[in-house]
Amino acid sequence: MPIGEFGGAPDLASEDSSALTTPMYWMYEIGQSSLNPARALFDATKLVFSNPFNPWSQTRVGKSIAAACEVFERTTRRYGKPEWRIEDTEVNGVRVPVEIKTVWEKPFCRLLHFDRQLERPLRKAQPRVLIVAPMSGHYATLLRGTVEGFLPGHDVYITDWADARMVPLSAGRFDLDDYVDYVIEMLQTLGGNVHVVAVCQPSVPVLSAVSVMEARKDPHAPVSMTLMGGPIDTRSNPTAVNRLAEQRGIDWFRSHVITKVPFAHPGFMRDVYPGFLQLNGFISMNLDRHVDAHKNLFANLVKGDGDLVDKHVEFYDEYLAVMDLTAEFYLQTVDLVFVKHALPKGEMKHRGQLVDPSKIERVALMTVEGENDDISGLGQTEASHRLCSSIPLDRRVHYVQKGVGHYGVFNGSRFKSEILPRISDFMVSSEYGLRSAEHAAE
């Protein structure tokens, strides 16, 4: 049951309520284990009927059996964390290798640097960009296309959030306050002169983090922040998923979707919103589309259309790979962002202190929305301009991309050809504007 794209609080995930749904995760694990023999049988059958030495493999019947076996295996398997598969990029017309390094790490997140192995320094430094990936069920690799788009002209970092079932209880809790702290620590680690890009769900914690840093006059606050398709104020043009949160209320989510991680995962007994429930919600929103996609997969396997099969496999290997979220993070986000609308009402707190976006003065602001976004409706991200009232108008930009939905805001051809160039120009102008302001102050 996804609520847009996002995450929780200590007082919202009691042991008694989660105990009611604890068997749910255990039953899922038992179901996965019970399917192992069937998957092995279907996999062996596929190998038999796709073997070129088997005369049946050249017949329509043989191809159909092999295709049916592959579809069964793919629709019942549990998908692991995908690889980044980014080995090189092009910088100023030259192909250079890319090495992915961990430059900061805590139990629930790693900060990755896509280090371009340049043979000689660039004449002009390119903007450093921290991409804050959604912590909303999918892995950060969902933004592979976003990273690939930024790499040729930017020095790119990204948050790699951990699967909660892989984090031991001894590592402690993780809620929305922790999320904000993580963003602040990462910005401080990068040492200033960086641009932060929040994709969807993290728009709220990133705006909160920058507000906290500006209120403290933190010198490591970013030069600019770009918020893309984020639920800043879900009262603006509410979508179906926004209305669902308000109708159900936080108690329903606490009692129906929170469960405990079963043995023998590292996060045994941690309260989580499990990935398999999130995936069920993702798929149910567009069930017909997914059924048709797998029917087409079967037909393309029978026809031997490798290109279309590869496209299906590439998409669903990413889409079906999901991770668990900590219960406290998920419930707190539902409550504060989608039910109480705490940030736009001026009621959001971080560690007991009010979050005040009007304290932001030096950080430039850009918001990006998709015309057909059915998760974060038009106006929800733009609302941040009203909250950030102290940012000069010449350091604020709002852009609506025509003809794209939620995922088109940060991925695909329109993102690369129309959205990304605007973000890049905004970053460059933000750096110039900040230097001009600093010189004028001197």
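Laboratory data are not the source of any read-out in this text; all were calculated from the coordinates shown. This one's a predicted model, so the numbers in the text were calculated from it and none came from an experiment. Note that we place each Cβ from the backbone using ideal geometry, even for glycine, and neighbour counts take in every protein chain shown.
Structure summary
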{"item": "Cleavage-rule hits (trypsin sites (Lys or Arg not before Pro)) in region 70-140: DSSP loop, at most 10 neighbouring Cβ within 10 angstrom", "result": "85, 123, 124"}
{"item": "Residue-averaged [θ]222 nm for the chain, counting only DSSP H segments that reach four residues, each worth -39500 (n - 2.57)", "result": "-13000 deg cm²/dmol"}
{"item": "For residue 375, residues with placed amide H under 5 Å, excluding near neighbours", "result": "406"}
{"item": "Positive-end residue, region 32-144 charge dipole about Cα centroid, Cβ charges, pick of 45, 64, 127", "result": "127"}
{"item": "Among 392, 231, 205, residue whose mean-square fluctuation peaks in a GNM of the chain (springs only between Cα atoms under 10 Å)", "result": "392"}
{"item": "At most 13 other Cβ within 10 Å, DSSP loop - trypsin sites (Lys or Arg not before Pro), region 325-367", "result": "345, 351"}
{"item": "The chain: angle of helix 203-215 to the longest principal axis, Cα-based, in degrees nearest 10", "result": "30"}
{"item": "Debye-sum result for region 29-151 in log10 I(q)/I(0), which assumes one identical scatterer on each alpha carbon, at q = 0.17, 0.19 Å⁻¹", "result": "-0.91, -1.01"}
{"item": "Reciprocal mean inverse distance between Cα atoms of the chain - Kirkwood radius, Å", "result": "23.2"}
{"item": "Spatial separation of Cα centroids for region 175-237 and region 274-343, in angstrom", "result": "26"}
{"item": "For the chain, built as a Gaussian network whose Cα springs stay under 10 Å, the top-fluctuating residue of 100, 375, 30", "result": "30"}
{"item": "Region 311-408, dipole about Cα centre (Lys/Arg Cβ +1, Asp/Glu Cβ -1), debye to the nearest 20", "result": "580"}
{"item": "Subset of 81/106; 106/359; 359/402 violating a 24 Å alpha-carbon distance limit", "result": "106/359; 359/402"}
{"item": "Sequence of 331, 308 once ranked by neighbouring C-beta atoms within 10 Å, starting from the fewest", "result": "308, 331"}
{"item": "Under 21 Å from the Cα of residue 303 - lysines, other chains or at least 8 residues apart", "result": "46, 63, 295, 311"}
